[in-house]
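The values are calculated or read from the model by the stated rules, or taken from the named source; none is laboratory data. These numbers were taken from a predicted model, which means no experiment stands behind them. Here the Cβ positions follow ideal geometry from the backbone for every residue, glycine too, while neighbour counts run over all protein chains shown. Note: areas computed on protein heavy atoms with side chains; ligands, DNA, RNA excluded. Shrake-Rupley method; radii C 1.70, N 1.55, O 1.52, S 1.80 Å.
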Amino acid sequence: MGIKRFYDAHIMPRMITLACGQKGIEERRREVVPLAEGRVFELGCGGGLNQALYDDEKVTGFAGIDPHAGLLEGARERAKARGWDHDIREGVGEKIPFPDSSFDTAVCTYTLCSVDDPGKVLGELRRILRPRGKLIFLEHGKAPDADVARWQERIEPVWKPLAGGCHLTRPIGSALRGAGFEVEPIGQAYLAKAPKFMGWMEWGVARRAGV
Ligand SMILES: C[S@@+](CC[C@H](N)C(=O)[O-])C[C@H]1O[C@@H](n2cnc3c(N)ncnc32)[C@H](O)[C@@H]1O
């Protein structure tokens, strides 16, 4: 196995799970994940960091996908331990393997930055949600301050291969609105104690517009 493949398979997933598990991020997760209800779909569920935060009283079923097959066994074990009716599969958000209007909630945390085609993924999330279903999001992305955004553009080409394809410059709220969602923001801020280029966060709930 070459160094790059070894890094991508073993080191990078651990680094990402560590980074995504830090305290400031956990606090943001606690603001959004318990809002999930009914049949829940989680995009990029691999690391499983959200699972402990779901409200068992509200979740009636759980499905998730992630292209990183090695992470899914852990996610399945945790879902089983919670007693959820669950269906966790290897897959990508650009082609979600579930029917139209089949979920009450979709959860997307720190994943839109890594997918290949965010527009396609948001279209798929819209498709699988029931008409008044909600998309819960917590993402990092393009900072509103021009000087920070300029640094994000400069750093992104070096950052991306080290961080599993994670982009720094993707807009969040405007991407959701552009994909046909009405956005109810809960918060947006730089993550404390993190470099600003990777710290701009937006979180909230989005619903299919016009239904
Ligand atoms: C930074 S991690 C976040 C994991 C988890 N959602 C969280 O909040 O901790 C990004 C995740 O997106 C997954 N991912 C990458 N490309 C994807 C795609 N096209 N569709 C779905 N998930 C993808 C990765 O395998 C990884 O598990």
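Would you check if residue 63 is more than 9 Å from the ligand (Cβ to nearest atom), closer than 13 Å to residue 43 by Cβ, in contact (Cβ under 8 Å) with a residue 24 or more places away in the chain and in contact with a Cys (Cβ under 7 Å, 6 or more places away or on another chain)? Break it down stepwise before answering.
On the way: more than 9 Å from the ligand (Cβ to nearest atom): yes; closer than 13 Å to residue 43 by Cβ: yes; in contact (Cβ under 8 Å) with a residue 24 or more places away in the chain: yes; in contact with a Cys (Cβ under 7 Å, 6 or more places away or on another chain): no.
So residue 63 fails the test.
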Contacts under 9 angstrom Cβ, first residue in the range 36-58 being more than 16 Å from the ligand (Cβ to nearest atom) and open to solvent by 10 Å² or more (accessible area, probe 1.4 Å), partner among the polar types (S, T, N, Q) and assigned to a loop (DSSP other than H, G, I, E, B), 6 or more apart: 39/102
Pairs where the first residue, in the range 154-175, is over 12 Å from residue 119 (Cα atoms) and the second is of a type in the set (Asp, Glu) and crowded, with 16+ Cβ neighbours inside 10 Å, C-beta under 6 Å, 6+ apart: 168/156; 169/156; 173/202
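Is it the case, given these coordinates, that residue 175 is crowded, with 16+ Cβ neighbours inside 10 Å, part of a helix (DSSP H, G or I) and hydrophobic (A, V, I, L, M, F, W, C)? Step through it out loud before you land on a result.
Working: crowded, with 16+ Cβ neighbours inside 10 Å: yes; part of a helix (DSSP H, G or I): yes; hydrophobic (A, V, I, L, M, F, W, C): yes.
Yes: the conditions hold for residue 175.
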Tally of residues being surrounded by 15 or more Cβ atoms within 10 Å (Cβ to Cβ) and either assigned to a loop (DSSP other than H, G, I, E, B) or of a type in the set (Gly, Ala, Ser) (or both) across the range 102-147: 13
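Tell me the residue from 75, 69, 79 that is of a type in the set (A, V, I, L, M, F, W, C), under 25 Å from residue 9 (Cβ atoms) and free of Cβ contacts under 8 Å to residues at least 24 places away in the same chain, please. Walk me through it before giving the result.
Working: 75 fails: free of Cβ contacts under 8 Å to residues at least 24 places away in the same chain; 79 fails: free of Cβ contacts under 8 Å to residues at least 24 places away in the same chain.
Selected residue: 69, the only one of 75, 69, 79 that is of a type in the set (A, V, I, L, M, F, W, C), under 25 Å from residue 9 (Cβ atoms) and free of Cβ contacts under 8 Å to residues at least 24 places away in the same chain.
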